[in-house]
1. When the chain is fully extended, how far beyond the present Cα-Cα distance does Asp114 get from Glu28, taking 0.36 nm per residue of separation?
2. May I ask for the distance between the Cα centers of segment 145-170 and segment 1-43, given as a whole number of Å?
3. HN-Hα J couplings of segment 60-76 from phi, Karplus 6.51/-1.76/1.60, θ = phi - 60°, integer Hz, Gly and Pro as x?
4. May I ask you to list the GluC sites (Glu not before Pro) in segment 73-140 that are in a DSSP loop and have at most 13 other Cβ atoms within 10 Å of their Cβ?
5. Given points 7 Å out from each Cα along the Cα-Cβ axis, report the Glu9 to Gln162 separation in nanometres with one decimal.
6. May I ask you to sort Leu60, Leu183, Leu169 by Cβ crowding, counting other Cβ atoms within 10 Å and putting the fewest first?
7. Evaluate E = 1/(1 + (r/R0)^6) for Phe41 and Arg133, where r is the Cβ-Cβ distance and R0 equals 25 Å; express this FRET efficiency to the nearest 0.05.
8. Just need the relative contact order of the chain here, percent rounded to a whole number, with Cα pairs under 8 Å and 6+ apart.
Amino acid sequence: MDYKEEFIEIFRQNISRPGSEKLLEWMETTDFFRAPASTRFHCACEYGLVRHSLNVYHSLVDMFFEEGDNLESFTICALLHDLCKANYYKTGTRNVKNEETGQWEKVPFFQVEDAFPYGHGEKSVFLIERFMRLKTAEAVAIRWHMGGFDDAARGGSFAISQAYDAYPLAVKLHMADLAATYLREKGTSDIPRK
């Protein structure tokens with residue numbers, strides 16, 4: 001089974017909320033299922049975004065799902081937390097010197113081309129809610145899934161601390177995102193890091 005098939009199977013098996021099928025239809029019109037997850041750090045490769053979303057899902061469920069947790073909420077948060085990256089990257093080429101041959105070669109790279117600069121987590125929440133209502137805990141978890149990497153947190157906002165204190169799902173999603181990025185996806189980029 002490929003990443004897209006697995007994503008859609010888990011999505012349809014675990015999410016039955018009104019509007020979910022319309023959201024999935026919209027996702028098919030974007031590059032979500034082909035896009036990279038980053039410019040060079042993790043899953044910077046074709047299908048990287050869907051692969052990362054699945055890794056976050058498996059990390060979240062495997063490490064943090066407890067009796068009483070809502071599988072639909074876990075699935076929504078994990079699979080859709082980076083929806084903001086649909087139609088976000090552009091592929092280009094740059095010249096890099098081949099150390100073995102000494103020759104300059106064109107190599108692919110990804111760059112950000114954000115047509116809707118609305119923020120990271122907040123943009124994912126906005127896009128999801130165009131089709132499907134989120135519970136407060138889901139919206140907060142997706143909004144703050146970047147943790148200390150979020151621009152607002154780096155700027156000194158204390159809202160992240162309040163969010164994590166009030167919504168355990170937000171903490172769990174952030175930790176699953178870290179586990180996926182730094183443990184499951186180590187060495188998954190096609191783009192060399194400088």
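Read the figures in this text as sums done on the coordinates, not as results from a lab. All of these numbers come straight from a predicted model, not from anything done at the bench. No Cβ is skipped: glycine too gets one built from the backbone with ideal geometry, and neighbour counts run over all protein chains shown.
1. 29.1 nm
2. Here the answer is 25 Å between Cα centres.
3. 4, 5, 5, 8, 10, 6, 10, 4, x, 6, 9, 4, 4, 4, 4, 5, 4
4. On the way: sites: Glu99, Glu100, Glu105, Glu113, Glu122, Glu129, Glu138; in loops: Glu99, Glu100, Glu113.
Here the GluC sites (Glu not before Pro) that fit, given the DSSP loop and packing criteria, are Glu99, Glu100, Glu113.
5. Going from the Glu9 label point to the Gln162 one covers 4.3 nm.
6. Numbers: Leu60 26, Leu183 10, Leu169 23.
By the 10 Å Cβ count, ascending, the order reads Leu183, Leu169, Leu60.
7. Working: r = 32 Å, r/R0 = 1.29.
That gives a FRET efficiency of 0.20.
8. Details: 292 pairs, mean separation 51.3, N = 194.
Here the relative contact order equals 26 percent.
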